[in-house]
Amino acid sequence: MQDMWKPKYNINNRTLRLLEEIAGLKEKIQSASVKLPWIPALVRDAAVSLAHGSTAIEGCTLSIEAVESLFDGKEVVGYPEKHVVMAKNYLSAIKWIIKREKDKIIDKKDILRLHGIIATGALEGGKAGEYRRVNVKAGLHFAPNWKKIPGLMEELVDWINKEANELPAVISSALLHLQFVTIHPFQDGNGRSARALATWDLYRKGFDSLHIFSLDEVLNENRRFYISNLQYVQVEGRPIDIWLEYMCENVLETLERTYKRILAVGINEKLKVSLTSRQEKLLRLLQEKRLAGIREIAEVLGTTLPGAHYVMKPLISASVIEAVGSHKNVKYRVKK
C-alpha cells in the first residue's frame with residue numbers, strides 16, 4: 001500500500017490571527033459581491049492577473065495589458081513567441097481548472113494534463129505532461145532523484161484526496177504548493193503547475209467560489225521573498241510553519257486588494273449596472289477626486305472628449321453619476 005505524505009508543522013499564533021482575518025475578510029467580500037452585476041469583470045481581471053503573475057515569476061515579459069489582449073482573443077506582437085505561448089497556456093489552464101472546480105478527486109492524470117496545458121510549446125526542457133527522467137536543481141534546491149518521482153507524486157496525490165480535505169483551504173493549498181515544487185516532478189514548468197494546482201485547490205474547496213482572487217500577482221510583486229521563503233524550507237530545512245505564515249500573509253493581501261476594489265466603485269448593489277473596464281476606471285476616479293471635469297476624465301480613460309461622454313452616458317442614465325455646475329464649468333461626481 002502506498003504511503004501518504006505527512007507534512008510536519010505547527011500553526012503559530014500569528015498564522016492563527018492571519019487565518020481569522022482571512023476568514024472575516026472573505027465573508028465581507030462574499031456579502032459585498034452577492035448582487036454586484038460586474039462580477040464578470042472581476043473574474044476576467046483575476047484570470048489575467050493570475051496568468052500575468054505566475055508567468056512573470058518564470059521570466060515571461062508580457063505586460064498585463066498584453067495578457068488582457070490574449071484573454072480577449074487578440075493577437076500580441078513585440079514579445080518573444082515563447083512568452084506569448086506561456087501566457088496563453090496559463091489562461092487556458094485557469095479556464096480548465098474552473099471547469100473542474102467541482103471535482104472531488106485529483107489524480108495523476110489530472111496533474112499530467114494540467115502540466116500539458118501549461119507547458120506545451122513553453123518548455124526549456126523535458127516533455128509536456130510527462131515526469132522528468134533527469135536529475136535537476138532548482139535554484140539552490142536539489143530536487144529528488146528522478147526515479148523517486150512516481151512514488152513521491154502518488155504519496156502527494158493520496159494526501160490531496162484524503163488528509164488535505166480536513167484542512168482549511170488556505171493551509172492545504174500552501175502545503176500542496178510547497179511539496180509540489182519540492183518534488184519538482186517535471187524538468188520545467190513546475191512553478192507554474194504548482195501555483196495552478198494551489199489555485200485549483202482553493203476553487204475546489206469553495207474558498208474562491210467567485211474566482212476573483214489573484215494570489216499569483218501578489219507573489220510576483222514580492223518574487224524575491226517568495227523564492228526565499230521556499231528555500232528556507234527546501235534548502236535550510238527550517239520549519240514548514242514559516243512557509244504557512246508567509247502564504248497566509250499573501251492571501252490576506254490578495255483579499256484586501258479585492259475588497260478595496262469592490263468598495264472603490266461605490267455603486268449601490270441595487271443598481272443593475274453592468275460596467276465596462278472604462279466605466280469602472282471612471283468611477284474609481286470620481287471616488288478619489290469627488291469631482292472631475294470632462295477633459296480630466298478623457299485623459300484618465302485614454303479617450304477623446306466624445307468618447308468620454310459615451311462612457312459616461314449609461315451611468316448618467318442609470319443615476320450612478322451626475323453633472324454639477326454651469327455649462328462651461330460642468331463637472332461630474334458619483335450621485336449620492
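For the reader, a short list of remarks on this structure follows.
- Once the Cα atoms are used to define both axes, helix 81-99 deviates from the longest principal axis of the chain by about 90 degrees.
- Tilt relative to the chain, helix 305-317 - C-alpha long axis, 0 to 90 degrees, to 10: 90 degrees
- Each Cα pair under 8 Å and six or more residues apart adds its sequence gap; the mean of these over the residue count of the chain is a relative contact order of 22 percent.
- Centre separation in Å (Cα based) which lies between region 321-336 and region 140-156: 63 Å
- Ranked 180, 142, 207, criterion: other C-beta atoms within 10 Å, fewest first: 142, 207, 180
- Helices in the chain, meaning DSSP H runs of at least 4 residues, each add -39500 (n - 2.57). Divided by all residues, the mean residue ellipticity at 222 nm is -19500 deg cm²/dmol.
- Cβ crowding within 10 Å ranks 184, 327 as 327, 184, fewest other Cβ atoms first.
- Rounded if a/c under 1.5, otherwise prolate or oblate - region 13-265, Cα gyration tensor axes: oblate
- Footprinting exposure proxy for 186, 225, 213 (fewest neighbouring C-beta atoms within 10 Å first): 225, 213, 186
- Here's the list of lysines a cross-link from residue 104 could span, going by alpha-carbon distance under 22 Å and ignoring same-chain residues fewer than 8 apart: 6, 95, 162, 205.
- Under 5 Å between amide hydrogens, built in the peptide plane, is the criterion, and for residue 335 it picks out 321, 322 among residues at least 5 positions away or on other chains.
- Equivalent ellipsoid semi-axes - Cα gyration tensor, region 139-197, angstrom: 20, 14, 9
- Cβ-placed point charges (K, R +1; D, E -1), dipole of region 77-201 about Cα centre in debye, nearest 20: 360 debye
- Here each label is just a point 7 Å from Cα along the line to Cβ, and for residue 261 and residue 39 those points are 1.5 nm apart.
- In region 217-267, the GluC sites (Glu not before Pro) that fall in loop regions by DSSP, at most 14 other Cβ within 10 Å: 236
- Note, ³J(HN,Hα) from phi for region 188-202, Karplus 6.51, -1.76, 1.60, rounded to Hz, x at Gly and Pro: 8, x, 5, x, 4, 5, 4, 5, 5, 4, 5, 5, 4, 4, 5
- Inter-probe distance in nm under a simple model that places probes 7 Å from Cα toward Cβ, at residue 124 and residue 63: 2.7 nm
- Residue separation of residue 287 and residue 10 scaled by 0.36 nm, minus their Cα-Cα distance, works out to 95.4 nm of gained length.
- Taking the Cα centre of the chain as origin and assigning +1 to Lys and Arg Cβ atoms and -1 to Asp and Glu Cβ atoms, the resulting dipole is close to 980 debye.
- Spatially, region 64-95 and region 104-132 are offset by 19 Å when compared through their Cα centroids.
- Among the listed pairs 74/137; 26/99; 82/102; 82/147, those beyond 25 Å (Cα-Cα): 74/137; 82/102; 82/147
- Taking the charge dipole of the chain about its Cα centre, with +1 at Lys and Arg Cβ atoms and -1 at Asp and Glu Cβ atoms, the residue from 318, 56, 116 reaching farthest to the positive side is 318.
- Charges were assigned to the Cβ only: +1 to each Lys and Arg, -1 to each Asp and Glu. The resulting dipole of region 82-148 about its Cα centre is roughly 140 debye.
- Mean-square fluctuations from a GNM of the chain, with a 10 angstrom spring cutoff on Cα atoms, peak among 325, 24, 126 at 325.
Rule-based calculations on the coordinates, nothing more; no lab input. Everything numeric here is computed off the predicted structure, so don't read it as measured data. Positions of Cβ are generated from backbone atoms using ideal geometry, with glycine treated the same way; all protein chains shown enter the neighbour counts.
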